[in-house]
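*Asks:* I have a structure here, written as structure tokens, and I will follow up with some questions on it.
The values are calculated or read from the model by the stated rules, or taken from the named source; none is laboratory data. Note that this is a predicted model, so its numbers are computed, not measured. Counting neighbours? That spans all protein chains shown, and the Cβs are built from the backbone with ideal geometry, glycine included.
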């Protein structure tokens, strides 16, 4: 397992008097295998945030959404999620191909308001059987976990979901096209939906 804290993080911990608690969290909360709580948080998630890095170090952050259960655990150390039709920029998947490094953040806005961080090495998967198993996907992303750890949820607001996205409801057999694809300056450039 790699170093959990780099020199500047350790320096700040020393300056702010948090070294002991930071080390204790690393010793007691850091892991590389999913536990039951992780599986529950991930299994109920309808979205998560993902950060990725380009070869030159440029960072990108995106949100991935889908129906409850769209992120699947494959064994104790790997998770898989679908990549759905989007705007065609492929910033996250392109970064994954460039460096493989990702960080995921799962949040709950009610109940215990748990926050779960996952770091890992990702790959874009186009194997037809796996992609077909993910309703509405045109590709999949597999993340081999290098670190799993919680994050303090105290400042999260309490939010309620008003309704599910109509686009999530339509995944698969009858996908809906978003309004932006019909905008005059974009409509002649829109790609066709297709798998890799």
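*Asks:* Report every pair of residues separated by at least 6 positions or lying on different chains whose Cβ atoms are under 7 Å apart, first residue within segment 89-109 and under 17 Å from residue 46 (Cα atoms), second loosely packed, with under 15 Cβ neighbours inside 10 Å and modelled with pLDDT under 95.
*Replies:* Partner pairs satisfying both residue conditions: 109/157; 109/158; 109/159.
*Asks:* If you take the residues of segment 65-89 that are closer than 24 Å to residue 35 by Cα and out of contact with any helix residue (DSSP H, G or I) (no Cβ under 8 Å at 6 or more places or on another chain), which of them is surrounded by the most Cβ atoms within 10 Å (Cβ to Cβ)?
*Replies:* Result: 70.
Yes/no per residue for (1) at pLDDT below 95; (2) farther than 20 Å from residue 149 by Cα:
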site	(1), (2)
38	no, no
49	no, no
60	no, yes
72	no, no
88	yes, yes
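*Asks:* Quickly run through segment 168-188 and pick out the residues that are assigned to a helix (DSSP H, G or I) and at pLDDT below 80.
*Replies:* Answer for segment 168-188, where residues must be assigned to a helix (DSSP H, G or I) and at pLDDT below 80: 169, 179, 180, 181, 182, 187, 188.
*Asks:* Residue under question is residue 39, and the condition is that it be in contact with a strand residue (DSSP E or B) (Cβ under 9 Å, 6 or more places away or on another chain), surrounded by 13 or more Cβ atoms within 10 Å (Cβ to Cβ) and either outside any strand (DSSP E or B) or in contact (Cβ under 8 Å) with a residue 60 or more places away in the chain (or both); does it hold?
*Replies:* Criteria met by residue 39.
*Asks:* Also: Scan segment 90-109 for residues that are surrounded by 17 or more Cβ atoms within 10 Å (Cβ to Cβ) and not in a strand (DSSP E or B) and report the count.
*Replies:* Total satisfying the criteria: 5.
*Asks:* Within segment 150-167, does at least one residue satisfy the condition of being at pLDDT below 95, buried (at least 17 other Cβ atoms within 10 Å of the Cβ), outside any loop (DSSP other than H, G, I, E, B) and touching a strand residue (DSSP E or B) at 6+ places or on another chain (Cβ under 8 Å)?
*Replies:* no
*Asks:* With touching a residue at least 40 places away in the same chain (Cβ under 8 Å) and closer than 20 Å to residue 115 by Cα as the only criterion, which of 51, 22, 55 stands out?
*Replies:* 51
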